Each structure stands twice: as C-alpha cells, then as structure tokens.
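Every read-out reported here was derived from the displayed coordinates using simple, explicitly stated rules and does not represent laboratory data. Predicted model only: the values in this text are computed from it and were never measured. Ideal geometry is used to build each Cβ from the backbone, glycine not excepted, and the neighbour counts take in all protein chains shown.
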Amino acid sequence: MERRTIFPGWRLPVLLVLPQLLLTVFFFLWPAGQAIWSSMTRTDAFGLHTEFVGLENFSDLFSDPLYIDTIGRTLVFCASVAALSMGVALVLAVCADRELRGRNWYRILLIWPYAIAPAVAAVLWLLLLHPQIGLVGRWLNRMGVAWDYKLNGVQAMLMVIVASAWKQVSYNFIFFLAGLQSIPRSVVEAARMDGAKGWFRFRTVVLPLLVPTVFFLLVVNLVYAAFDTFGTIQALTQGGPGKATETLVVKVYRDGIVNLDIGSSSAQSVVLMAGVIVLTALQFRFLGRRSSE
Amino acid sequence: MTQRFDWPAHLVLLLGVALFILPIWLVLAGSTLDPAAISRGELSLIPRLAGLSVYPSVLSDGAFGAQPVWHMLMISFGMALAIAIGKIVISILSAYAITFFRFPFRMTAFWIIFITLMLPVEVRIIPTYSVMSDLDLINTFPGLTVPLIASATATLLFRQTFLAIPDELVEAARMDGAGPWRFLKDILIPVSSANLAALFVILFVYGWNQYLWPLLVATDPHLDTIVIGIVKMIGTETQTEWNRVMATAVLALLPPVAVVVLMQRWFVKGLTEGDK
C-alpha cells in the first residue's frame with residue numbers, strides 16, 4: 001500500500017531516516033556480516049593465526065553429537081513451553097470471556113505478569129522450588145520425592161520449562177481474549193440455538209475461528225522460548241546440571257563468551273539466524289492472513 | 001439469557017490469579033522474615049511488619065555481592081526510559097519519511113530496517129560484542145542503550161498508522177499551508193497518541209527486562225541493572241541473606257508492573273492491534 005499525497009523534496013526525508021539506518025547498519029548488519037565471516041574462519045589456540053576454512057565449522061557442528069543433542073533438547077523445551085503456556089492461557093481466556101461479575105478485575109489480575117522479567121520470574125521460581133528453603137521444594141522432599149534440581153537433570157529441565165511458561169501466560173491470555181472477543185456473539189448464539197452444547201460448541205464453532213490466533217501465538221511462543229529464555233535458564237541452572245538445560249542460545253553463550261571458541265560460536269549464530277528468518281517469515285504469513293480477515 | 005452464578009469459570013479464574021499472586025506474595029512475605037529462619041526453611045505466608053525495615057536497608061546497602069539497590073534501580077530506569085523514548089523518536093521519524101516522502105533508495109531503506117526483525121541479540125552475541133569494543137562502547141551507558149534503540153517493530157507500527165490516515169486530511173493540512181514539520185507535530189503525533197502510549201509501555205518493559213545485553217556489554221558493576229543484580233545475588237549461594245534477595249526481587253518487579261497496570265487500557269489495545 002502506498003500513499004497518494006506526499007510532501008516534495010528528498011533531503012529532509014533522508015535526514016529523518018538516517019538515525020535509524022545508521023543504528024541498523026552499525027549494530028545489526030555489521031555484526032551479522034562479521035558472524036557470517038568468522039563462521040567460515042578458524043583461529044589457532046594462541047589467537048595468532050586466522051585462516052579461511054569455508055563451511056568446515058558447519059560440517060563440524062552438524063557432525064557433533066553434542067550439538068545434535070542440544071537441538072533436540074531445545075525443540076523439546078520450546079514445544080513444552082509453548083504448549084503449557086498457551087494451554088493455560090486459553091483456558092483462562094475462555095473463562096474470562098464469559099459474562100462474569102468482576103471480569104475486569106480478573107483481566108487486570110491476569111495481565112500484569114506480562115511485566116515480569118524472565119530473569120526475575122526465574123528468581124521467584126527458584127525461591128519456590130529451592131530444595132532447602134523453597135516452600136514447594138521442601139514439600140516435595142517431605143512427600144518422598146528426592147527433589148534437587150541442582151543434581152537431577154530432568155527436574156532442572158521441568159523447572160526451567162515451568163518458569164518460562166509461567167511468564168508467558170499473560171501475553172497469550174491477552175491475545176486469546178482479544179481473539180475470542182472478535183468472534184461475533186451472533187455466531188455463538190446461533191450455534192447455541194441449534195443445540196450445540198459446551199465443549200462441542202467450543203470445538204466446532206469457536207476453535208476454528210481462533211485458528212489464526214493460535215498459529216500466530218505458536219510462532220511468537222517458539223521464538224520466545226528459543227531466544228528470550230536465556231535469562232531464565234542462566235539464573236536458574238546456567239544450562240546445568242551438566243548440559244541438562246543447555247539450549248542453543250545458552251550454548252552459543254557458553255562456547256563463545258565462556259570458552260572463547262569464536263569459529264564454532266559464530267557458526268552456531270548463523271544457524272540460529274536462519275532459524276529466526278524461517279520463524280519470522282511464518283509469522284508474517286500468518287499475520288498477513290490475520291489482518292486481511 | 002439467564003444470569004446465574006457461573007461458579008466453574010470463577011473457580012478457574014481464581015486459580016489462575018492465585019498462580020501469579022502466590023509466588024509474589026510468598027516473596028513479599030519472605031522479605032520481611034528473619035534470614036536465619038528462611039535458611040532453616042521456616043517460610044511463612046504472614047509478613048512480619050518489623051521486617052519491613054529490610055527495604056530501606058537494601059535500597060541503601062544492597063546485599064552481598066551486589067551494588068546498592070537504589071543505584072541499580074536508577075540504571076534500570078535510565079535504560080528503560082532511554083530505550084523507550086529513543087525507539088519511539090527514531091521510529092516516528094523514519095516511518096514519517098518512508099510514508100510521506102519519495103526519495104532515492106526509499107524501499108532499500110525500508111528493507112534494511114525490516115531485516116532487523118530477524119536479527120535479535122541472541123543470534124549475534126560474539127560479533128556484536130566485538131563491534132561494541134571496536135567502537136569503545138563496552139561499559140558505557142550509551143553502549144547499554146543506543147544499540148537497542150534500532151528496531152523494526154515500532155517503525156512498522158507507525159507506518160501502518162500513518163498509511164491509514166485519509167488523504168483528505170493530508171490535502172487539507174497542505175492547503176492550510178502546513179509544512180512537513182507542522183504536519184508531523186500538529187496532525188501525525190496527536191493522531192497516533194494511543195499508539196505512542198501503548199508502545200511506551202511495551203518498550204519500557206522491554207528495556208527494564210533486558211538481561212543478555214547488559215550481561216555482555218556492561219561488566220562494570222557500576223552499570224549493573226536491577227535484573228542483573230538480582231541474578232548475581234542468587235549466584236552467591238553460600239552466604240545468601242534470603243530476605244534481602246526477596247526484597248530486591250520485589251523492588252525489581254514493581255516499576256514495570258506499575259507501568260503496565262496504570263496504562264493497561266492503551267497497552268492491551270496497542271499490543272493486539274499492532275503486530276506485537
């Protein structure tokens with residue numbers, strides 16, 4: 001879409017667009033270019049020599065069973081976070097969409113957690129699940145579950161999933177509620193008249209109309225789980241115990257900043273970029289469909 | 001329609017609310033307790049009024065391994081405000097240029113901005129760090145904020161709003177002799193004020209909640225944000241004074257939550273009507 005009426009001249013608009021372009025070039029394009037370049041080079045152990053190795057870092061990466069494990073782990077983590085937070089949010093949104101007394105209060109009380117930082121959400125859950133001081137952690141131990149996420153990898157994974165999903169529920173709730181409210185009451189009423197009851201009406205009438213929202217949120221949640229949970233994981237487990245909670249982003253950080261393996265870390269960055277490009281393209285496809293409806 | 005008390009829905013919603021309130025309440029109550037009691041696992045849900053003195057104390061002294069909390073709060077405020085205002089300003093200007101003018105390489109500029117959507121910090125950790133050190137921006141406040149100011153989301157949102165303005169309005173303004181600046185100031189900004197408010201909330205929360213970026217570019221403890229500070233505090237577990245950690249967590253939560261609650265109406269509208 002283009003505007004028909006415009007202002008004349010080209011110096012002013014160039015000046016207006018310049019600040020953003022400069023920031024983009026310096027802090028986005030240049031680093032991205034460097035990532036691609038250094039993903040194709042290798043530096044020796046003393047940092048004296050850098051040679052061009054083509055795609056070798058990538059073939060090393062994909063033949064490394066540890067990297068393949070990390071991909072699998074990240075997929076499990078992302079899928080669990082998306083399913084858990086979207087499931088809880090949908091149930092809450094369906095209830096909040098009814099004609100209830102005090103529903104505006106419920107909405108405010110369910111929306112504010114949007115503001116909680118992922119790292120702070122992690123701190124809250126640590127204080128709940130800590131085996132010695134946490135209310136839930138101690139209770140689990142009393143119940144005979146040997147709860148210690150610092151030793152048990154499965155428990156650590158469960159903990160980062162719960163903490164990450166918890167923080168994302170509000171965001172999903174806001175969008176599900178908006179999606180439900182945009183469904184015309186008359187459609188739902190007509191289904192009711194036809195005798196469609198509760199769950200059946202929801203499944204056959206409401207849910208199909210909610211599909212665009214579900215797809216949109218699915219992409220957003222996968223991106224969130226893959227990238228924005230770094231703070232949560234770093235605060236709770238630093239990727240441990242061992243590699244039990246090491247996602248792809250945590251691995252880039254560990255390999256690059258902690259272990260200073262620049263070539264491999266850059267190659268991993270480039271793989272992640274490809275991932276984001278695919279997800280963003282998907283998001284815009286569904287977003288386009290959303291707004292054209 | 002019959003109006004009766006829909007108790008299953010109320011029950012589910014109350015459970016949902018409790019899921020969010022309880023952890024916060026526990027931390028709030030815990031912050032007022034005796035640290036030795038917390039370490040023994042004697043957490044209670046009833047706050048101890050006398051323990052509220054921990055708040056002035058963490059504000060001025062911090063906790064083991066961290067800066068005073070007031071200082072970290074100031075850094076977080078500065079960072080959140082600089083990012084929110086900076087992003088809004090440069091996005092309005094570039095969206096204005098792209099929508100209301102024709103200039104060489106206009107579409108190239110648009111696509112360059114658009115591409116940034118696909119390059120979050122998380123995928124370019126190392127190279128961004130080396131660019132930052134080439135530019136001498138490590139451990140500086142501009143380094144903490146300026147690189148996060150460029151973003152496509154706000155520009156795309158303003159572009160959408162601007163495209164929806166009727167041509168008649170633009171024509172009328174030009175007939176009245178309004179130049180480009182007056183048009184921007186007297187028409188575009190008032191027309192998009194709802195978007196501005198929503199974006200401010202979203203970007204303030206975004207800036208306040210940053211973790212990876214400050215971790216990378218600000219290793220100097222004087223630039224610790226409150227989010228960095230609280231994670232540092234739980235990292236030194238052997239001598240953790242849990243009541244101080246909990247008080248800091250509460251203080252880290254309050255400002256962004258207050259912004260969302262106070263500006264709730266604009267925020268929800270802006271979030272669901274724009275792209276994200």
The range A:179-202 versus the range A:120-165: alpha-carbon centroid distance in Å: 41 Å
Order by protection proxy (mean Cβ within 10 Å, highest first), peptides A:133-145, A:234-246: A:234-246, A:133-145
For residues of A:124-137, the mean tally of beta carbons on other chains within 10 Å: 5
nm² value of the averaged projected area, convex hull over the Cα atoms of the range B:122-243: 11.4 nm²
A:VAL187 versus A:ILE108: modelled label distance in nm, points set 7 Å from Cα along the beta carbon direction: 3.1 nm
Charge dipole (debye, nearest 20) of chain B; +1 at Cβ of Lys and Arg, -1 at Cβ of Asp and Glu: 420 debye
Cα pair count fraction exceeding 16 Å, expressed as % - the range B:36-92: 65 percent
Three-way shape label, the range B:83-136, alpha-carbon gyration tensor, a/c 1.5: prolate
Whole-angstrom gap from the range B:178-199 to the range B:54-78, using each part's C-alpha centre: 38 Å
Dimensionless Rg ratio for the protein assembly as shown, taking C-alpha atoms and the 2.2 N^0.38 Å reference: 1.02
Cβ-derived FRET efficiency at R0 25 Å, A:VAL76 paired with A:ARG285, nearest 0.05: 0.50
For chain B: rounded, prolate or oblate by the Cα gyration tensor [a/c cutoff 1.5]: oblate
Whole-number D in µm² s⁻¹ for the range B:1-143, Kirkwood Cα-pair radius fed into Stokes-Einstein, 37 °C, 0.692 mPa s: 154 µm²/s
Hits among aspartates and glutamates - C-alpha to C-alpha of A:LYS197 under 12 Å, sequence gap 8 or more where chains match: A:GLU189
Simple spin-label estimate for B:TYR129 and A:GLN132 in nanometres, 7 Å along Cα-Cβ: 3.1 nm
Assigned charges on the beta-carbon of Lys, Arg, Asp, Glu; the protein assembly as shown dipole about Cα centre (debye): 1700 debye
CD proxy at 222 nm, helix term only [per DSSP H run n ≥ 4: -39500 (n - 2.57); per residue of chain A; nearest 500]: -21500 deg cm²/dmol
Cross-link partners of B:LYS185 among lysines (Cα-Cα below 22 Å; sequence separation of 8 or more within a chain): B:LYS87
Candidate aspartates and glutamates - alpha carbon under 20 Å from A:LYS251, same-chain residues fewer than 8 apart omitted: A:GLU56, A:ASP60, A:ASP64, A:ASP69, A:ASP228, A:ASP261, B:GLU122
Protection proxy ranking of A:97-108, B:112-123 - average other beta-carbon atoms within 10 Å, highest first: B:112-123, A:97-108
Positive-pole candidate from A:SER85, A:THR70, A:LEU23, dipole of the range A:1-144, charges at beta carbon: A:SER85
Over chain B: helical MRE at 222 nm, DSSP H runs n ≥ 4 each giving -39500 (n - 2.57), nearest 500: -21000 deg cm²/dmol
Residue mean of other protein chain beta carbons inside 10 Å, B:23-29: 4
Label point distance in nm, B:HIS222-B:LEU19, each placed 7 Å from Cα along Cα→Cβ: 4.5 nm
Overall form of chain A per C-alpha gyration tensor (a/c, 1.5; a/b vs b/c): oblate
Lys/Arg +1, Asp/Glu -1 at C-beta; chain B dipole; positive extreme among B:GLY177, B:PRO35, B:GLY16: B:GLY177
Average partner coverage of B:88-99, which counts Cβ from other chains inside 10 Å: 5
Peptides ranked, highest mean first, by Cβ atoms within 10 Å: ranges B:84-91, B:262-269: B:84-91, B:262-269
Helical segments meeting 24 Å axial Cα length and Kyte-Doolittle -1.0 threshold in chain B (DSSP H): B:7-31, B:69-100, B:242-262
Cα-centre dipole for chain A with unit charges at Cβ (Lys and Arg positive, Asp and Glu negative), debye to 20: 1440 debye
Cβ-Cβ FRET estimate between B:LYS269 and A:ARG142, R0 fixed at 41 Å, reported to 0.05: 0.30
Among B:VAL131, A:VAL271, A:VAL206 - extreme Cα towards positive end, dipole of the protein assembly as shown, charges at beta-carbon: A:VAL206
